[in-house]
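*Asks:* The structure's right below; bear with me while I get my questions together.
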Amino acid sequence: MPLNLKADHPALPYLEWVGARQPLRAVKGLISAHLAYPVAEHMERREVRPKLTELQRHYRVPFAQRLQGVRDRVADTVAFAMQAVPYYRDTFCALGFDPDKLRQDLRWLQDLPWLTKDIIREQGDRLLSRPLAEVRHHACKTGGSTGQSCVIHYDQPAADHSAAVTLYCRQRVGKTQRKPELHFACRFPGDLVPPWPSREDFKCFAMNRSNIFFGALDDAGLEEIWATLLRRRPYLIHGHPSTIYALACHIEKTRGSARAFRIFESSGELMEDYQRHKIAQALQCRVVNRYGLAELGVVAYELEEGMPGMQLLDSEAWCEMAPVDNATVGSDRGELTFTALRNRLMPLIRYRSGDLGRVEQRETGVYLTEVIGRIHDMVPINGVPHATHHIQDVLDHRVGGIQEFQIDLRSAPPVLRIVVDTHGNAEQITERVQAYWPGAFDLQFVQHADLVRVGSRAKFRHVVTG
């Protein structure tokens with residue numbers, strides 16, 4: 001007989017509180033890790049655990065020894081692309097490039113041209129090794145902070161490797177599958193309350209994960225987040241640093257400092273040093289940073305506490321620095337450029353990410369330091385602060401038909417500039433934006449050239465303030 005409950009049933013917070021305390025916490029962790037996850041993996045036709053074992057074996061080998069394997073895999077990736085991908089076949093073969101040279105020295109990569117978002121959009125299906133209709137695949141849209149958005153297609157093994165990387169990195173910082181985690185997710189305005197339990201609930205149980213769905217980051221919204229954290233007591237939380245920094249400032253203002261979890265894993269945007277310090281101090285937690293992008297997944301992580309920089313996951317990608325004007329960026333940073341080693345459906349070779357940083361090779365591995373990436377801001381919507389990644393989620397997943405957006409706070413009400421996607425409809429977009437945020441924005445439909453660029457590299461920002 002169905003339970004016929006909704007996700008906002010008043011009994012569910014009590015069940016969460018009980019489930020987060022011993023001994024049920026330990027029992028739930030054991031069932032999640034050793035029963036529910038393997039069952040879910042089988043039902044979803046995934047192969048994550050074997051790839052996790054492969055990663056554990058890979059990183060037990062000293063870097064000096066595994067480097068030859070990295071060279072071989074870069075060479076194999078380039079050779080495969082030259083044989084199976086039309087764009088690389090035409091471009092690299094015209095150069096007479098011999099991939100076997102990479103087995104001796106990865107600096108031979110410098111003989112190959114850069115790959116950019118512009119090329120990805122221009123070439124389209126010519127960057128695929130197989131037609132999408134022939135293979136199980138996953139599409140992932142890039143952000144727009146480093147150029148116009150484009151879509152990257154992953155094959156299933158690459159998607160499984162990406163999931164295994166997340167599990168491996170979290171294990172390295174002490175978060176095993178037995179310990180609960182919590183993910184910050186967007187609360188979409190106007191959505192109906194889902195039934196409980198749902199498919200997402202079963203997925204979360206298998207991963208020993210729960211979600212916080214948040215919208216406004218005013219005092220009431222932050223208190224709701226804090227109450228949920230205290231009730232669920234996760235070991236690790238994952239979210240944007242701008243969101244957790246807002247929570248840390250709220251806790252410092254209201255309580256001085258307090259603790260509800262052990263580790264904050266930052267992702268999705270640049271974490272500034274002042275944010276890191278405030279989060280660690282006010283929320284009494286360890287802060288770990290990771291670097292990932294839609295095009296490749298997670299490729300660098302702070303695996304060792306106290307070690308400066310994020311270790312490049314050389315099992316997944318190889319990183320170089322493309323030259324930039326260092327007089328304007330203020331250091332010896334370069335543009336982080338990646339050759340992906342997993343995704344055979346859409347190989348990315350010497351892909352310019354648009355983010356800046358330094359690549360340092362040490363005895364223990366390759367490290368990314370001084371990374372400058374995406375930045376999110378707080379935007380007042382009818383007087384209530386919202387993070388731009390929340391606004392972006394609503395525009396992407398509920399409004400739809402939008403290629404890029406920008407909010408100009410220099411006027412009242414703020415101007416919301418929208419670049420319509422090829423399949424978008426301006427009238428429908430206007431109707432949906434007004435339904436979600438009545439009277440909050442002066443809506444303008446523009447071209448990419450009309451978006452305001454800021455900084456020495458004319459870098460895109462979702463918010464314009466001056």
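The values are calculated or read from the model by the stated rules, or taken from the named source; none is laboratory data. Please read all numbers here as calculations on a predicted model, not as lab measurements. Here the Cβ positions follow ideal geometry from the backbone for every residue, glycine too, while neighbour counts run over all protein chains shown. Just the protein is used for accessible areas: all its heavy atoms, side chains included, with ligands, DNA and RNA removed. Shrake-Rupley method; radii C 1.70, N 1.55, O 1.52, S 1.80 Å.
*Asks:* Please enumerate the residues belonging to segment 274-305 that are β-branched (Val, Ile, Thr), over 17 Å from residue 355 (Cβ atoms) and free of Cβ contacts under 8 Å to residues at least 40 places away in the same chain.
*Replies:* 279, 287, listed by residue number.
*Asks:* Being open to solvent by less than 20 Å² (accessible area, probe 1.4 Å) and without any contact (Cβ under 8 Å) to a residue 40 or more places away in the chain: is that true of residue 420 here?
*Replies:* So residue 420 fails the test.
*Asks:* Of the residues that make up segment 52-72, is at least one among the small types (Gly, Ala, Ser), assigned to a helix (DSSP H, G or I) and over 25 Å from the mean Cα position of the chain (by Cα)?
*Replies:* yes
*Asks:* Next question, about the same structure. If you scan segment 162-217, which residues turn out to be open to solvent by 50 Å² or more (accessible area, probe 1.4 Å) and assigned to a loop (DSSP other than H, G, I, E, B)?
*Replies:* Across segment 162-217, the qualifying residues are 176, 178, 179, 187, 190, 191, 192, 193, 194, 197.
*Asks:* Here's another thing I want to ask about it. Restricting to segment 235-276, count the residues that are open to solvent by less than 10 Å² (accessible area, probe 1.4 Å), modelled with pLDDT of 90 or more and touching a strand residue (DSSP E or B) at 6+ places or on another chain (Cβ under 6 Å).
*Replies:* 9
*Asks:* Shifting gears a bit: Identify all residues within segment 151-161 that are of a type outside the set (Asp, Glu), crowded, with 17+ Cβ neighbours inside 10 Å and in a helix (DSSP H, G or I); write none if there are none.
*Replies:* Passing the criteria: 158, 159, 161.
*Asks:* Output yes when any residue across segment 108-125 is over 28 Å from residue 148 (Cα atoms) and buried (at least 18 other Cβ atoms within 10 Å of the Cβ), and no when none is.
*Replies:* The answer is yes; a qualifying residue exists.
*Asks:* Filter segment 412-441 for residues that are more than 19 Å from residue 462 (Cα to Cα) and of a type in the set (D, E, K, R) and give the result.
*Replies:* Within segment 412-441, 427, 431, 432 meet the criteria.
*Asks:* Before we move on, is residue 47 closer than 23 Å to residue 315 by Cα, at pLDDT 95 or above and not in a helix (DSSP H, G or I)?
*Replies:* For residue 47, the condition - closer than 23 Å to residue 315 by Cα, at pLDDT 95 or above and not in a helix (DSSP H, G or I) - is met.
*Asks:* Moving to a separate point now. Among the numbered criteria (1) under 18 Å from residue 150 (Cα atoms); (2) not in a strand (DSSP E or B), which one does residue 419 miss?
*Replies:* Looking at each condition in turn, residue 419 falls short on (2).
*Asks:* OK, next. Just a yes or no: is a residue in segment 297-318 of a type outside the set (D, E, K, R), open to solvent by 10 Å² or more (accessible area, probe 1.4 Å) and part of a helix (DSSP H, G or I)?
*Replies:* So far as segment 297-318 goes, no, none of its residues is of a type outside the set (D, E, K, R), open to solvent by 10 Å² or more (accessible area, probe 1.4 Å) and part of a helix (DSSP H, G or I).
*Asks:* When segment 277-296 is examined, which residues are found to be surrounded by fewer than 19 Cβ atoms within 10 Å (Cβ to Cβ) and either at positive phi or in contact with a Lys or Arg (Cβ under 9 Å, 6 or more places away or on another chain) (or both)?
*Replies:* 280, 284, 286, 294
*Asks:* Okay, moving on. Taking segment 386-406, which residues are more than 15 Å from residue 150 (Cα to Cα), open to solvent by 10 Å² or more (accessible area, probe 1.4 Å) and assigned to a strand (DSSP E or B)?
*Replies:* Within segment 386-406, just 386 meets the criteria.
*Asks:* Of the numbered conditions (1) more than 19 Å from residue 207 (Cβ to Cβ); (2) open to solvent by less than 60 Å² (accessible area, probe 1.4 Å); (3) aliphatic (A, V, I, L, M), residue 139 satisfies every one except a single condition; which is it?
*Replies:* The one condition residue 139 does not meet is (2).
*Asks:* Next question, about the same structure. Please determine, by comparing only the residues of segment 218-228 that are more than 22 Å from the chain's Cα centre (by Cα) and aliphatic (A, V, I, L, M), which one is surrounded by the most Cβ atoms within 10 Å (Cβ to Cβ).
*Replies:* Within segment 218-228, the match that is surrounded by the most Cβ atoms within 10 Å (Cβ to Cβ) is 222.
*Asks:* Considering (1) within 30 Å of residue 224 (Cβ to Cβ); (2) open to solvent by 70 Å² or more (accessible area, probe 1.4 Å), say which one residue 18 fails and leave the rest.
*Replies:* (2)
*Asks:* So which residues in segment 21-64 are of a type in the set (S, T, N, Q), without any contact (Cβ under 8 Å) to a residue 40 or more places away in the chain and surrounded by 11 or more Cβ atoms within 10 Å (Cβ to Cβ), if there are any at all?
*Replies:* The one that is of a type in the set (S, T, N, Q), without any contact (Cβ under 8 Å) to a residue 40 or more places away in the chain and surrounded by 11 or more Cβ atoms within 10 Å (Cβ to Cβ): 53.
*Asks:* Looking at segment 96-116, is at least one residue under 25 Å from residue 182 (Cβ atoms), in a helix (DSSP H, G or I) and without any contact (Cβ under 8 Å) to a residue 12 or more places away in the chain?
*Replies:* Within segment 96-116 (the criterion being under 25 Å from residue 182 (Cβ atoms), in a helix (DSSP H, G or I) and without any contact (Cβ under 8 Å) to a residue 12 or more places away in the chain), the answer is no, since none of the residues qualifies.
*Asks:* Next up: Quickly run through segment 266-292 and pick out the residues that are out of contact with any Gly (no Cβ under 8 Å at 6 or more places or on another chain), within 30 Å of residue 74 (Cβ to Cβ) and not β-branched (Val, Ile, Thr).
*Replies:* 271, 289, 290, 292
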